[in-house]
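Asker: Here it is, the structure in full.
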Amino acid sequence: MIDESLQILLGGAISEKLQVKIHINEAKNVGGGEINETFRINTNEGYFFLKLNDATRYPEMFRQEFAGLEALRKARALAVPRPLATGTAGGKTFLLMEFIQKGNAIGDFWEDFAAGLARQHMQTQDTFGFPTPNYIGTIKQYNTPYSNWSVFYAFNRLMPLTKLGYDEGIIESSVVKQMERLCRHLPKLFPQEKPALLHGDLWSGNFLIGPDGKACIYDPAVYYGHREMDLGMARLFGGFDTRFYYAYQSIYPLAPGWQQRIGVCQLYPLLVHTLLFGGNYYSSVREILAAY
Ligand code: ADP
C-alpha cells in the first residue's frame, strides 16, 4: 500500500519524467525485497514495478541501479527489466521500471541462463571498475578502475568493507590482519583475467522466470569484475541447479584453480552480509580467512 497523497505525488513526478500523464490507480506490495519497498502499480498506462526508499538516506542509490540495469540491457545477453524513471516525491526516492510477469521455466532453462550469463561476462573493457561508485544492498561499492583484478578486489572490495566493519566494532583487529595477508596473496590465486560485465549481486532472489520461460535478472550491483564473483555469489546462497554451473563451464571455461578461489570470491558478499546482518556470516568470513 502507498497512501493516497504519496500516490498522487508519485504519479505527478513520474508523469513529469516520462512526459506522459500517469495516474496510479492501485499499488500492490511485492514481497521478496530486503532493502526497499517494492510495488506493482496499476496505472492508466498499465502495470509498472516501483521501488521506494527514503530520499535522504540513499539519494544516489536508484540512479545507480538505473545505470546498472541499462548496462546489463546493453549487453543483450539476459533479460533485464527496462528502467524508466528515477526521482523523488514526498520524501521518497523512486525507481520505476517495466513490470515482469512471472512465467514457467521452459526446457533448457538452466543451460539457457548459463549461456546468457556467459555472453554477458564476455562483455569486457580495459579496466576493472565502473564509471561511478554504486551500491550492493545499502552498502557503498567503490569502483575506482584498476587494470589488475587482485588490486581492484583488495582496494575496492575487501579492505573497505573490512575497515568499515572494524570501525563499527563488528570485525576484530586480528581479522583485519588476516584480510591484509590474504590481499597480499591474491595475485598468486588469480591468474590474469579480462574484466567481465557482472551482475554483482547474483543470488536466487535476484532473478525470476519471465513470461517467455527464461531467466530475467534485476537488482544488480554492476561493475566490470572477475566473472568468478557472480558464480561464487550464486553458489553461496544456493537456488541454482548444478546444470547451470556445468553449462557455464562448458561454454566459457574458468581458469584452472577456480575451485580454490570460490571461498575468496565469496568473502565479499559474506562481508556485506556481516555488515548488514552479522552473526553466522562473520563466522564464515573467519573460516575462509583461516586457510590463508
Ligand atoms: P530490493 O532492492 O528491496 O532487494 P528487488 O529489486 O530485489 O528489491 O525486488 C523485490 C522483489 O520484487 C523481487 O524479489 C522480485 O520478486 C520482484 N521484482 C523485482 N523486479 C521486478 C520487476 N521488474 N517486475 C516484477 N517483479 C519484480
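Asker: Please turn the phi angles of region 270-276 into ³J(HN,Hα) values with the Karplus equation 6.51 cos²θ - 1.76 cosθ + 1.60 (θ = phi - 60°), one per residue in order, whole Hz, x for glycine and proline.
Answerer: Once rounded to whole Hz, the list reads 5, 5, 4, 5, 4, 5, 7.
Asker: If you rank LEU52, LEU197, LEU276, LEU84 by fewest surrounding Cβ atoms within 10 Å, what's the result?
Answerer: On the way: LEU52 21, LEU197 25, LEU276 14, LEU84 18.
Fewest-to-most ranking of LEU52, LEU197, LEU276, LEU84: LEU276, LEU84, LEU52, LEU197.
Asker: For the chain, please report how many Lys pairs fall under 25 Å Cα to Cα, leaving out neighbours fewer than 8 apart on the same chain.
Answerer: For the chain, the number of qualifying lysine pairs is 27.
Asker: How large is the convex hull of the C-alpha atoms of region 198-286 per residue, in Å³?
Answerer: Normalising the Cα hull of region 198-286 by residue number yields 113 Å³.
Asker: Something else about it: Which distance in Å, rounded to a whole number, links the C-alpha centroids of region 235-292 and region 8-49?
Answerer: Centre-to-centre (Cα) distance: 36 Å.
Asker: Kindly provide the helix-only [θ] at 222 nm of the chain, computed as the sum of -39,500 (n - 2.57) over DSSP H runs of four or more divided by all residues, to the nearest 500 deg cm²/dmol?
Answerer: Numbers: 10 runs with 123 residues, N = 292.
After summing the helix terms and dividing by the residues of the chain, the value is -13000 deg cm²/dmol.
Asker: First select every other residue whose beta carbon is under 13 angstrom from the beta carbon of ILE106; then total the charges, Lys and Arg +1, Asp and Glu -1.
Answerer: -3
Asker: Alpha carbons only, please: Rg and Dmax for the chain, in angstrom.
Answerer: 19.7, 59
Taken together, the values in this text are just the output of simple stated rules run on the coordinates, not laboratory data. On a predicted model such as this, the values are computed, not experimentally measured, just so you know. Reconstructed Cβ throughout: ideal geometry from the backbone, glycine too, with neighbour counts over all protein chains shown.
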